[in-house]
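Trainee: Here you go, one structure.
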Amino acid sequence: MDTSFSAEDLAFRDEVRAFFAEAYDDDLQARLADKATFREAVIDWQRRLHDKGWIAPNWPKAHGGAEWTPTQNFIYETERAAAGVRDVVPFGLKMVGPVIYTFGNDEQKERFLPRILRSEDWWCQGYSEPGAGSDLAALKTRAERDGDDYVVNGAKIWTTYAQYADWIFCLVRTSNEGKKQNGISFLLIDMHSPGIKVNPIVSIDNHHSLNEVEFNNVRVPVANLIGEEHKGWTYAKALLAHERTSIAGVADSKRALAEVQHFAAREQNGGRFLIDDPLFQQRLSDIEIELMALEYTELRVLASVAAGGAPGAESSLLKIKGTEIQQAIQELRMELAGYYQGVLPTELAQEVLGHSFGSDARQAFMYGRAATIYGGSNEVQKNIIAKAVLGL
Amino acid sequence: MDTSFSAEDLAFRDEVRAFFAEAYDDDLQARLADKATFREAVIDWQRRLHDKGWIAPNWPKAHGGAEWTPTQNFIYETERAAAGVRDVVPFGLKMVGPVIYTFGNDEQKERFLPRILRSEDWWCQGYSEPGAGSDLAALKTRAERDGDDYVVNGAKIWTTYAQYADWIFCLVRTSNEGKKQNGISFLLIDMHSPGIKVNPIVSIDNHHSLNEVEFNNVRVPVANLIGEEHKGWTYAKALLAHERTSIAGVADSKRALAEVQHFAAREQNGGRFLIDDPLFQQRLSDIEIELMALEYTELRVLASVAAGGAPGAESSLLKIKGTEIQQAIQELRMELAGYYQGVLPTELAQEVLGHSFGSDARQAFMYGRAATIYGGSNEVQKNIIAKAVLGL
Amino acid sequence: MNFDFTDEQVMLRDSVARFIQDDYDFDTRCKVVASEAGMSKANWDTFAELGWLSVPFAEEFGGFGGGPVDLMVMMEEFGKGLVVEPYFATVVLFGGLLSRGGSEAQQGDFIPRIIEGSCLGAFAYLERQSRFEIADVQTRATRQGEDYLLDGEKVVVFNGANADTLIVSARTAGEQTDKHGITLFLVPANAPGVELVDYRLMDGQRVANVVLREVVVGASHVLGAVDEGLPLMQAVISDACVALGAEALGIMDRLNAKTLEYTRTREQFGVAIGSFQALQHRMVDTFMSCEQARSLLYRAVCALEKEDDDPARDIHALKVMIDKAGKHIYGEAIQLHGGMGITDELDIGHYAKRLMMINATFGNGDYHQGLFNALSYGRDAA
Amino acid sequence: MNFDFTDEQVMLRDSVARFIQDDYDFDTRCKVVASEAGMSKANWDTFAELGWLSVPFAEEFGGFGGGPVDLMVMMEEFGKGLVVEPYFATVVLFGGLLSRGGSEAQQGDFIPRIIEGSCLGAFAYLERQSRFEIADVQTRATRQGEDYLLDGEKVVVFNGANADTLIVSARTAGEQTDKHGITLFLVPANAPGVELVDYRLMDGQRVANVVLREVVVGASHVLGAVDEGLPLMQAVISDACVALGAEALGIMDRLNAKTLEYTRTREQFGVAIGSFQALQHRMVDTFMSCEQARSLLYRAVCALEKEDDDPARDIHALKVMIDKAGKHIYGEAIQLHGGMGITDELDIGHYAKRLMMINATFGNGDYHQGLFNALSYGRDAA
């Protein structure tokens, strides 16, 4: 058992730090914070990562990835979060990319992978449907074969950034026979196709990042089918375990917790800083200790994946605990904000109203409610553990 | 809405206090604390209550009860617990007595009720069976008709004080037809009958109060059947709701919590009293606030019962919350005892070993584990609320 | 001992409930929130007509002479409807301060106008630095002849922008956090030197920051005794915490009912999700949380009604429980509603947001638990 | 980065596991507990033969030269078997103090005898008033010529009655709770003036209170530096907390496995209770608690192994988690076993009792969380 860093690891850490300090510059950050320039700024940032060779740390080298060790991944994520650098948009790089290089044909690999690496296409994910929720396999969007095309009809929901997307990867029903998990296919659909309509959903944080995507007789070439028809569920499942692992967000939670500590050392009640209040300290360490544990739980999972296993049901544990911790931190920051937790964005800066982070805390807390619901609700994750780990 | 005491209520309170101060004397307490004299001391105490007219506060006057108001009950219980006076043994007075005067025939009432009131018979309860647990209706002990007798075979378990008992009231199976709830009968059985064997069970607190009771061809006169044959489940259910209500033990928890506070003001760590530790205060008030709430929840239930309703599914809430609070207090007292929480009884006084309440804390905590299990486990209570209150 | 409502209380409750059912559905409420003023003057007139604005006031000023229970039954219904009209700010806080601390002249001037709906008020007690300590006051009131000169800033003033008159806490003596030396002033919103920054909170409330620059008020504008504003504020805040508790209870009740209803109808894996035992047990837990909170509400109301008892511990306990039960209940409500629970379109999130603001108002659960602990276990505990 | 065990560690683990499976079933263990000595000399000889008693000691004294991971794998298995032989008291505490603080002569004298199984030791650090503050020492050691005179009382000394030699903390300078001025002494159990009161704890341990009345020990019996006993005690207690954490983890693992097995076979309402979703989700929670505790155990062990890091925060975190996860896991284990869970006959309650005593040893979760908070958020935080 050994978790110390080698000299190479330490050199890599320095390189990561130096890169973020230089490449994630103020101008970029300003453009990322502005709704009007957000999309282009994300692409700009991801291209810088691409130029550095770090856009796809876990893709195979053969497809343009870096094949980092778990330690390198850990270091990168820790430094990224500590520097407040936003993660890449996952739908292309972490989701559909691995599906394409694992299950796609050569033509699909050549066509899509380089564009994903260079952020030339913005992807989004079409899994959930109105009415299907956590019961993903109950999906109803259907693709019917018509010559060399599928004709797709139905709707997807909770589609993050659909308003920006060039492509969507979808689970669609190609057959109603047998178990509902059978008869599902994995389809890549051009968002610019006729018949697609994106309806914005304003979420509880008063922002628009979610959407409903309607498909009305959308024609999709059969060449866009991944793997075999009716076998899409298998490909999606492999992907879901990866998704859950990354939802844990340990490094980002470490940063968020450090921020709470920072603010608590500045927020007073009756002349006493909250960080000096034993009860506040207790709330903080209740979370920090769980997070310290989760950090090692994640390392254990990564180490075992590196030793040859795919992430299995343990990824459900990461997802449950990781999202619970995220929400606990968000909640604590709201408590810290006191009356100002309720402040909605105005044209005025937060400081003008008397407080520096109340509105940010509100938005993070509110949007954070989704974390225990999406990616398979935490209840579904518990069902998975009960079945796959406990054998119940 | 009004919870203030009338002048009569206050006079009653003074009377209760005065009675306890006089009648629950040191000699009696010493005999109650000694295993060898426990049984006779309990009977002695209950006869003093009988002489005072307080042995059956909620029985109808026609049967020798006092018919107290909810306020009187509340005052009596509060004073009883505050004075550290033990409650009566419930099996005769609170359980089978009400069943007999509600569902029994005149002969049974005449035969059993006066003896219960005068504590001439010690009763115990035969509901649970090995293997049946919370699924009470799955009971298998069978009573077969043979002339004027039933012949009873089977076993009951978790029978408190069976080793002292003269009588046991049992649910027995008289028919295997239809739903399992049908075909159950309510039988009174003389513990001195041939064929009864009592096997002690040592519980997790290293004490013996629980037993298994075996029945081997025990002959029970049909005259001892309560109500109609096969209808015993109905009678038992009415009783269970009453039992759950009394399990809440609000008044006793108030006293127990006051004791924790008392000890915490004397127990030091590094020269600081634990009662002055903000975290200990927080643990204490987490419980106290729940208990303050439960006290009013109980009053609300009592008031609505007095206004004509039988206690329904709300009694399940009292049972769940009441037992959770009991266990939380017991746990906190264990924490307070530190290393001494583990001390087993020896011939030496606790003080000789260096601590005044460690062994008591251990026993209360350990035996207290049963409270969320017996009387229908808290899981079963949740099922009851889900069904009866929430309509799920 | 009884927990029954009087016939009058039942009528009052039903009257509010009927208004919400008939005239204040969720869409209507959202339109009110989005309107210029963030409240409906028409609704306010209705409140006046129905007598609601008179409930806690003495009969000599045209009031109904109601007590804490009357206020409780109304506030619980307001909670169910997420009513944003400034009943709490105007009647409970502003009116409460006048009732408890106003001179006869002040009461005679303001209370009848509150009752008829022509006067909206606000209580400006909070400052940037004060968080939950209402004694932490930097705003200064300096004596100048017969008048006072007010200088400072008050923040997050409920109903600040719509109010005709503000009651402002200001320091007339002592250091920044001293208990002594705080005085309350009635300040016309249009007085020279009063400047408002109006903004919205997530629960639909309109609040304002109020900057006071050499605002001149006469000595007749002092509410209660000079330097002794704190006990008056505390007394009104005690009443107000119970009223907020009732509003919270209405919300929790509604959240539980809506979640229950949703799980009965929403199907997943081929069955209603309400049939899953794990969810059933969690809904039993939220049911119990709500009942426990109701018990502490009744306990606090009964304590307020008894004259000889100090209700402080009961009120702190109520605030702690409302916080805890609130988080529990809105958390489960959002979670069990799944994706729908995190949309702005559904009312669930709006109930949650109001609960969160109630928890923050006059101190969150931790703050009140600290006060409860000090009263109960402190060396100086009574 | 890896979490693999070496081949030697795997062999060590399997060797303990095999012993428990073959020679230390629950009934056998209960007989050992009930025996006069409360331990089995025969088992102890086996421990020596199998080399277990040599694990943490330096090779120059015949030890195995093992590190924290080696100790961890053994302690976890001891936990699974609820082993009551005084490995912890003799090897981890008594042996640990000698290894870290003993002179060469002391080490050469004691360690080989520990390894061969002929020396049982105990560490007498606790007093009636000290609770979790090991610096709270009233026992006095007074210089008398070349010797020291020890007076005082130590309580709850693990393995006190079976030990040949005790290491006693006593005050040679300073006030009752001063960090400076504590000295450790090697005291033969049969020294004149040493009086023992032997009793049992609920987890099967034999402990003793030790009264010292003018006990004379020579200067050669001082362990480590005079007045500087505290840092030595703290270092050994850090190692010991991790070892206890491993034992606790073995117990939690076993409790979860047994509960899972029970719910798979126990039928109620016509089906195995493990099929109830509400119980399934609760068992998922206990599974997660156990995994999280294991992660902090590994974290603390890795921190102990790294020489440049201060492991204090990781160890406090481990103690906090072991306490929390322990309560969670034994609570559910007893509850889900129903009536059987509260019998003395079943092993479940015994696992619970050992977990409870582990939590109390060297400070409960709250105590360690207080230390964690001070280190992490205190104004003097590093």
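Trainee: Suppose we filter D:Val197, D:Val211 for residues that are within 24 Å of the chain's Cα centre (by Cα) and in contact (Cβ under 8 Å) with a residue 40 or more places away in the chain; which single one remains? So that I can check it myself, show each step before the final result.
Mentor: Numbers: D:Val197 fails: in contact (Cβ under 8 Å) with a residue 40 or more places away in the chain.
After applying the criteria, what remains is D:Val211.
Trainee: Still on this structure, I have one more. From the list D:Ala240, D:Ala257, D:Ala235, which one is among the aliphatic types (A, V, I, L, M), within 14 Å of another protein chain (Cβ to nearest Cβ) and either part of a strand (DSSP E or B) or under 25 Å from the mean Cα position of the chain (by Cα) (or both)?
Mentor: Numbers: D:Ala240 fails: within 14 Å of another protein chain (Cβ to nearest Cβ); D:Ala235 fails: within 14 Å of another protein chain (Cβ to nearest Cβ).
Just a single option satisfies the conditions, and that option is D:Ala257.
Trainee: Further, regarding this structure: Does B:Leu117 satisfy the condition of being of a type in the set (A, V, I, L, M, F, W, C) and under 26 Å from B:Ala370 (Cβ atoms)? Before the answer, list the steps.
Mentor: Numbers: of a type in the set (A, V, I, L, M, F, W, C): yes; under 26 Å from B:Ala370 (Cβ atoms): no.
In short, no.
Trainee: Okay, next question. Would you be able to tell me the number of residues in the range A:197-244 that are among the hydrophobic types (A, V, I, L, M, F, W, C) and closer than 19 Å to A:Tyr101 by Cα? Give the derivation first.
Mentor: Here is the first cut: in the range A:197-244, the ones among the hydrophobic types (A, V, I, L, M, F, W, C) are A:198, A:201-202, A:204, A:210, A:213, A:215, A:218, A:220, A:222-223, A:225-226, A:233, A:236, A:238-241.
Remaining after also requiring closer than 19 Å to A:Tyr101 by Cα: A:222-223, A:225-226, A:233, A:236, A:238-241.
Number of matching residues: 10.
Trainee: Now for a separate question. Which members of the range C:346-355 meet the condition of being more than 9 Å from chain A (Cβ to nearest Cβ) and either more than 14 Å from C:Gly250 (Cα to Cα) or surrounded by fewer than 20 Cβ atoms within 10 Å (Cβ to Cβ) (or both)? Walk me through it before giving the result.
Mentor: Step one: of the range C:346-355, the residues more than 9 Å from chain A (Cβ to nearest Cβ) are C:347, C:351, C:354-355.
Residue satisfying the conditions is C:Asp347 alone.
Trainee: Answer yes or no as to whether B:Val152 is in contact with a His (Cβ under 6 Å, 6 or more places away or on another chain) and farther than 20 Å from B:Gly376 by Cβ.
Mentor: Details: in contact with a His (Cβ under 6 Å, 6 or more places away or on another chain): no; farther than 20 Å from B:Gly376 by Cβ: yes.
Criteria not met by B:Val152.
Trainee: Return the total of residues in the range A:63-74 being touching a residue at least 24 places away in the same chain (Cβ under 8 Å) and of a type in the set (A, V, I, L, M). I'd like the intermediate steps shown before the answer.
Mentor: If we filter the range A:63-74 for residues that are touching a residue at least 24 places away in the same chain (Cβ under 8 Å), which is where we start, we get A:63-64, A:69-74.
Cutting the leftovers down to of a type in the set (A, V, I, L, M) gives us none.
Counting residues in the range A:63-74 that are touching a residue at least 24 places away in the same chain (Cβ under 8 Å) and of a type in the set (A, V, I, L, M) gives 0.
Trainee: Follow-up question, since we're still on this one. Step by step: first the residues of the range A:1-42, then only those that are over 23 Å from the mean Cα position of the chain (by Cα) and of a type in the set (S, T, N, Q), then the one that is farthest from the other protein chains (Cβ to nearest Cβ). Which residue is that?
Mentor: Checked the range A:1-42; the qualifying residue farthest from the other protein chains (Cβ to nearest Cβ) is A:Ser6.
Trainee: If you don't mind, another one. Filter the range D:197-221 for residues that are touching a Phe, Trp or Tyr at 6+ places or on another chain (Cβ under 6 Å) and among the hydrophobic types (A, V, I, L, M, F, W, C); which is surrounded by the fewest Cβ atoms within 10 Å (Cβ to Cβ)?
Mentor: D:Val217
Trainee: Consider only pairs whose beta carbons are under 9 Å apart and that are at least six residues apart or on different chains; among these, list those whose first residue lies in the range D:43-58 and is on the phi > 0 side of the Ramachandran plot and assigned by TED's automatic domain parsing to the domain that holds D:Pro112 and whose second residue is assigned to a helix (DSSP H, G or I) and not hydroxyl-bearing (Ser, Thr, Tyr).
Mentor: Every condition considered, the pairs that remain are D:Gly51/D:Leu12; D:Gly51/D:Ile115.
Trainee: How about the range C:265-345: which helices (runs of 4 or more DSSP H) wholly inside it have at least 1 residues that are in contact (Cβ under 8 Å) with a residue 24 or more places away in the chain, β-branched (Val, Ile, Thr) and within 7 Å of chain B (Cβ to nearest Cβ)? Step through it out loud before you land on a result.
Mentor: Working: elements: C:277-305, C:312-336, C:338-341.
By residue number, C:277-305, C:312-336.
Trainee: Which residues, taken from the range D:301-336, are crowded, with 18+ Cβ neighbours inside 10 Å and in contact with a strand residue (DSSP E or B) (Cβ under 8 Å, 6 or more places away or on another chain)?
Mentor: Matches in the range D:301-336: D:Cys302 only.
Trainee: Inside the range B:96-121, can you point out the residues that are of a type in the set (A, V, I, L, M, F, W, C) and surrounded by fewer than 20 Cβ atoms within 10 Å (Cβ to Cβ)? Walk me through it before giving the result.
Mentor: Residues of the range B:96-121 of a type in the set (A, V, I, L, M, F, W, C): B:96, B:99-100, B:103, B:112-113, B:116-117.
Correct list: B:Phe103 only.
Trainee: Can I ask one more? Any idea which of (1) surrounded by fewer than 22 Cβ atoms within 10 Å (Cβ to Cβ); (2) touching a residue at least 40 places away in the same chain (Cβ under 8 Å) is the one D:Leu93 doesn't satisfy?
Mentor: Every listed condition holds for D:Leu93 apart from (1).
Trainee: Using the structure shown, decide if D:Glu228 is within 24 Å of D:Gln107 (Cβ to Cβ), in contact with a Ser or Thr (Cβ under 8 Å, 6 or more places away or on another chain), at pLDDT 95 or above and among the charged types (D, E, K, R). Write out each step before concluding.
Mentor: Values: within 24 Å of D:Gln107 (Cβ to Cβ): yes; in contact with a Ser or Thr (Cβ under 8 Å, 6 or more places away or on another chain): yes; at pLDDT 95 or above: yes; among the charged types (D, E, K, R): yes.
Answer is yes for this residue.
Trainee: Considering only the range C:246-254, I want to know if a residue exists there that is out of contact with any Leu (no Cβ under 6 Å at 6 or more places or on another chain), of a type in the set (Lys, Arg), at the interface with chain B (Cβ under 10 Å from one of its Cβ atoms) and buried (at least 20 other Cβ atoms within 10 Å of the Cβ).
Mentor: Checked against the condition, which is being out of contact with any Leu (no Cβ under 6 Å at 6 or more places or on another chain), of a type in the set (Lys, Arg), at the interface with chain B (Cβ under 10 Å from one of its Cβ atoms) and buried (at least 20 other Cβ atoms within 10 Å of the Cβ), the range C:246-254 yields no hits at all.
Trainee: Here's something else I'd like to know. What's the number of the condition A:Asp205 fails, among (1) over 28 Å from A:Asp106 (Cα atoms); (2) part of a strand (DSSP E or B)?
Mentor: (2)
Trainee: Same structure again: Within the range B:10-18, can one find any residue that is modelled with pLDDT of 95 or more and β-branched (Val, Ile, Thr)?
Mentor: Yes, some residue in the range B:10-18 is modelled with pLDDT of 95 or more and β-branched (Val, Ile, Thr).
Trainee: Could you check, for the range B:286-294, whether at least one of its residues is buried (at least 20 other Cβ atoms within 10 Å of the Cβ), within 14 Å of another protein chain (Cβ to nearest Cβ) and over 30 Å from A:Leu274 (Cα atoms)? Spell out the reasoning first.
Mentor: Quick first cut of the range B:286-294, residues buried (at least 20 other Cβ atoms within 10 Å of the Cβ) only: B:287-294.
Filter once more, keeping what is within 14 Å of another protein chain (Cβ to nearest Cβ): B:287-294.
Next, only the ones that are over 30 Å from A:Leu274 (Cα atoms) stay: B:294.
Yes - at least one qualifying residue is present in the range B:286-294.
Trainee: Under the condition of being among the hydrophobic types (A, V, I, L, M, F, W, C) and assigned to a helix (DSSP H, G or I), which residue from the range B:373-392 is nearest to B:Ser128 (Cα to Cα)? Write out each step before concluding.
Mentor: Step one: filter the range B:373-392 for residues among the hydrophobic types (A, V, I, L, M, F, W, C), giving B:373, B:380, B:384-386, B:388-390, B:392.
Adding the requirement that they be assigned to a helix (DSSP H, G or I) leaves B:380, B:384-386, B:388.
Working: B:Val380: 14, B:Ile384: 18, B:Ile385: 21, B:Ala386: 23, B:Ala388: 23 Å.
Ranking the qualifying residues of the range B:373-392, first place goes to B:Val380.
Trainee: If a residue must be within 14 Å of another protein chain (Cβ to nearest Cβ), within 20 Å of the chain's Cα centre (by Cα) and under 30 Å from B:Ser304 (Cα atoms), how many such residues does the range C:10-43 contain? Step through it out loud before you land on a result.
Mentor: Going residue by residue through the range C:10-43, those that are within 14 Å of another protein chain (Cβ to nearest Cβ) are C:10, C:12-13, C:30, C:33-34, C:38.
Checking the rest, the ones that are also within 20 Å of the chain's Cα centre (by Cα) come to C:12-13, C:30, C:33, C:38.
Within this subset, residues satisfying the condition of being under 30 Å from B:Ser304 (Cα atoms) are C:12-13.
Looking only at that region, the number is 2.
Trainee: Go through the range A:295-315 and give me each residue that's more than 7 Å from chain D (Cβ to nearest Cβ) and modelled with pLDDT of 90 or more. Break it down stepwise before answering.
Mentor: Taking the range A:295-315 and keeping what is more than 7 Å from chain D (Cβ to nearest Cβ), we get A:295, A:298, A:301-302, A:304-315.
Hits for the range A:295-315 are A:Glu295, A:Glu298.
Trainee: Being of a type in the set (S, T, N, Q), within 13 Å of chain C (Cβ to nearest Cβ) and surrounded by fewer than 20 Cβ atoms within 10 Å (Cβ to Cβ) is true for just one of A:Thr323, A:Thr346, A:Thr372. Which residue is that?
Mentor: On the way: A:Thr323 fails: surrounded by fewer than 20 Cβ atoms within 10 Å (Cβ to Cβ); A:Thr372 fails: surrounded by fewer than 20 Cβ atoms within 10 Å (Cβ to Cβ).
Only one candidate passes the filter, namely A:Thr346.
Trainee: Name the residue, out of A:Asn182, A:Asn153, that is in a loop (DSSP other than H, G, I, E, B) and more than 26 Å from the chain's Cα centre (by Cα). Quick ask: steps written out before the conclusion?
Mentor: Values: A:Asn153 fails: in a loop (DSSP other than H, G, I, E, B).
A:Asn182 is the lone residue from the list that is in a loop (DSSP other than H, G, I, E, B) and more than 26 Å from the chain's Cα centre (by Cα).
Trainee: Turning to a different aspect of this structure: Looking at (1) within 8 Å of chain D (Cβ to nearest Cβ); (2) of a type outside the set (Asp, Glu); (3) farther than 27 Å from A:Trp59 by Cβ, can you tell me which one A:Arg283 breaks?
Mentor: Every listed condition holds for A:Arg283 apart from (1).
Trainee: Further, regarding this structure: Report the residue count in the range A:209-222 for those that are touching a Lys or Arg at 6+ places or on another chain (Cβ under 9 Å) and of a type outside the set (Asp, Glu). Lay out the reasoning, then the answer.
Mentor: We begin by selecting, within the range A:209-222, every residue touching a Lys or Arg at 6+ places or on another chain (Cβ under 9 Å); these are A:211-216, A:222.
Still in the list and also of a type outside the set (Asp, Glu): A:211, A:213, A:215-216, A:222.
Count: 5.
Trainee: Which pairs turn up if I take residues in the range A:376-388 that are at the interface with chain D (Cβ under 9 Å from one of its Cβ atoms) and look for partners that are among the aliphatic types (A, V, I, L, M) and in a helix (DSSP H, G or I) with beta carbon separation below 6 Å, at least 6 apart in sequence or on another chain?
Mentor: A:Gln381/A:Ile320; A:Lys382/D:Val284; A:Ile385/D:Val284; A:Ala386/D:Val284
The values are calculated or read from the model by the stated rules, or taken from the named source; none is laboratory data. As the structure is a prediction and not an experimental result, all values here were calculated from the model. Glycine gets a Cβ as well: all are built from the backbone with ideal geometry, and neighbour counts include every protein chain shown.
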